[in-house]
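The values are calculated or read from the model by the stated rules, or taken from the named source; none is laboratory data. Source: prediction; values computed, not measured. Here the Cβ positions follow ideal geometry from the backbone for every residue, glycine too, while neighbour counts run over all protein chains shown. Areas reflect the complete protein model, heavy atoms only, side chains present, ligands, DNA and RNA absent. Shrake-Rupley method; radii C 1.70, N 1.55, O 1.52, S 1.80 Å.
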Amino acid sequence: MSSNPQAASTRDSETQPIKPLGRAQYVLHLPTGAKLTLSEEGLLLPAQTIKKPSRSCGLGTSAPNSSPNCVPYYNVLWAEVTDDQAWVRVDFAEEIQPHRLGVQNVKFPIDPSVEEAGEWVERLLDRAYGGAARRKRAWVVVNPHAGPGGADKIWQKQVKPIFQAARMPLTVVRTSYSGEAVEMVRALDIDEYDIVVPCSGDGLPHEVFNGLGKRPDARRALSKIAVCHIPCGSGNAMSCNLYGTHRPSLAALAIVKGVPTPMDLVSITQGERRTLSFLSQALGMVADLDITTEHLRWMGAARFTYGFLWLAMQKKTYPCDIAVKVEIEHKDGIKQHYRNKATQSGSESDEPGEGPSANVHPPSSAPSSADGDEGQGLPPLKYGTVMDKLPDEWELLPHEKLGNFYCGNMAYMAPDLNFFSAALANDGLMDLVTVDGDISALKSIQLQLSVESGHFFDSPLVSYRKVVAYRIIPRENCPRGYISIDGESFPWEPFQAEIHKGLGLTLSKKGGYEAPGPLNWDTVTTTERLRA
């Protein structure tokens with residue numbers, strides 16, 4: 001039998017409109033003589049159904065050499081037989097501008113007396129969603145003042161139509177002041193929703209995680225509600241890591257098709273205060289960059305480039321003592337760890353409905369990451385707080401000329417800024433980077449450029465370790481600067497961090513981060529070859 005759907009027989013009989021074409025293809029024949037084919041590449045529509053050639057949505061979903069009328073399964077949002085049993089309707093996402101998706105829908109007449117159309121629709125939805133839950137109940141929170149502004153318009157024009165086409169029940173609220181989302185989420189009925197979707201920069205996801213963390217049932221809430229992200233700010237790191245994009249409509253489609261992904265969270269203690277961090281902690285140049293360029297939000301991501309060039313010329317240093325509980329000290333070991341985890345997951349190249357991701361439970365039934373009763377609050381701190389005596393097994397490292405202290409739980413900190421290339425979503429480890437501050441401005445600039453080129457990890461100027469906890473203590477002679485937690489300003493005083501493996505939940509495209517990993521992480525080193 002020919003593998004080409006267009007070459008298949010048009011119809012066997014009036015009572016059998018679904019015809020299998022080999023192991024992976026099915027055809028629904030229409031009364032008009034046209035046909036709808038579920039092929040290996042996607043949904044094949046009759047010729048001229050789509051007026052304009054369908055382009056790739058920018059997420060690697062279009063099959064090479066596919067027909068202009070082939071809709072990749074990833075792009076299919078919904079399909080149904082209409083209430084009058086006279087039509088099959090399919091809604092799908094299509095690129096209408098570079099890096100922007102719109103919704104298109106098509107309808108085809110069917111014979112109302114034939115029931116097999118419903119079976120064909122179910123097969124299509126199975127392929128379109130795979131391991132992703134359909135019709136996820138979303139609580140959407142919009143920050144109208146995020147980044148350069150315009151989050152309301154982004155939600156209405158670029159995101160809401162995609163969610164609605166996917167038949168997602170939506171509750172939409174808006175914040176009016178900083179910190180409001182913490183109290184909103186703290187009081188949220190988590191049994192009514194599957195996902196929380198901040199439309200903002202990275203500040204609102206920070207508030208959402210902390211709102212969930214302040215609940216008396218924090219562990220259950222954090223393991224049940226998947227925190228997602230529509231990028232409307234200047235950094236948009238969460239979206240870059242989970243969906244590989246900072247474009248709102250592409251992120252919306254990734255959320256529709258997202259698979260539940262446990263995510264490490266970090267407890268930060270400072271004085272008597274305990275905060276959850278999902279992204280990063282910084283002191284030194286990066287923290288200064290985060291906080292001192294807040295007034296330049298209107299510039300978008302360009303604010304970081306401008307701020308970096310200005311700060312690099314100052315060559316400021318921050319004498320500090322850093323105590324760490326190191327798990328992996330050397331870069332070769334970190335690459336080996338990354339390779340082991342990436343190989344074990346087996347999901348780095350899975351499409352929806354294929355591979356291990358198809359067996360992941362939807363958010364409403366995701367397993368708890370807590371040790372013990374799900375109804376309890378946040379897990380206890382294994383290493384105490386910043387107010388306690390340093391654990392004996394920690395290593396105390398003096399830094400006389402610290403320029404950058406940067407610890408990450410995700411890889412991308414902004415589009416094209418892959419600072420923590422070895423970061424993994426749920427390996428129970430933080431990626432700690434330190435850089436001396438007395439290097440020349442030229443080397444600082446070269447180091448910054450190496451982030452974009454992917455060579456930052458391997459730079460001899462960069463100390464890169466995997467840790468489970470740390471404490472940083474600015475010395476008395478340390479010039480007062482800024483401490484940034486997930487891009488938010490914190491008091492200038494010592495703080496301690498401890499990671500909780502898989503405490504949070506999110507949705508990702510494939511069960512992990514989209515970053516490519518350190519350069520050559522998948523090659524075997526000479527040492528490993530000799531040991532084999």
- Message: Please compare each pair in Lys401/Lys443; Lys382/Lys509; Lys107/Lys509; Lys224/Lys382 to a cut-off of 26 Å on the Cα-Cα distance and tell me which ones are over it.
- Response: Lys382/Lys509; Lys107/Lys509
- Query: To the nearest 10 square angstrom, how much accessible area does Asp438 have with a 1.4 angstrom probe?
  - Reply: 70
- Counting only protein heavy atoms and using a 1.4 Å probe, what share of the accessible area of region 442-488 belongs to carbon plus sulfur, as a whole percent? 53
- Message: In region 72-155, if the dipole is taken from +1 on Lys/Arg beta carbons and -1 on Asp/Glu beta carbons about the Cα centre, which of Pro144, Trp78, Val103 is farthest to the positive end?
- Response: Pro144
- What are the radius of gyration and Dmax of region 57-212, computed over its Cα atoms and given in Å? 18.4, 57
- Task: Note the direction-averaged projected area, equal to a quarter of the hull surface, for the Cα convex hull of region 403-486, in nm².
- Result: 6.2
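What GluC sites (Glu not before Pro) in region 423-532 are in a loop by DSSP, with at most 10 other Cβ atoms within 10 Å of the Cβ? Before the final figure, lay out the partial values.
Working: sites: Glu452, Glu476, Glu488, Glu498, Glu514, Glu528; in loops: Glu476, Glu514.
Filter output for region 423-532: Glu476.
Can you give the FRET efficiency to the nearest 0.05 for Thr343 and Leu170, using r as the Cβ-Cβ distance and R₀ = 56 Å? If you can, show how the numbers build up before the last one.
On the way: r = 38 Å, r/R0 = 0.69.
For R0 = 56 Å, the calculated efficiency reads 0.90.
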- What does the accessible area per residue of region 108-223 come to in Å², with a 1.4 Å probe and no ligands, DNA or RNA counted? 38
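At a 1.4 Å probe, what is the % contribution of carbon and sulfur to the accessible area of region 218-296?
Numbers: 680 of 1340 Å².
Carbon with sulfur: 51 percent of the solvent-accessible area.
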- Item | FRET efficiency estimate (nearest 0.05) - Cβ-Cβ, Leu396 to Ser459, R0 41 angstrom | 0.95
- Report, ordered by chain and residue number, the lysines lying within cross-link reach of Lys331, taken as a straight Cα distance under 18 Å and ignoring same-chain residues fewer than 8 apart. Lys341, Lys466
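What are the trypsin sites (Lys or Arg not before Pro) within region 161-261 that DSSP puts in a loop, where the Cβ has at most 15 other Cβ atoms within 10 Å? Each step should come with its number before you reach the end.
Values: sites: Arg167, Arg174, Arg186, Lys214, Arg219, Arg220, Lys224, Lys257; in loops: Arg167, Lys214, Lys257.
Of the trypsin sites (Lys or Arg not before Pro), the ones in loops of region 161-261 whose Cβ has at most 15 other Cβ atoms within 10 Å are Arg167.
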- Query: Could you give P(r) for region 162-284, binned at 5 Å from zero, as whole percent values over all Cα-Cα pairs?
  - Reply: 2, 10, 21, 24, 22, 14, 5, 2, 1, 0
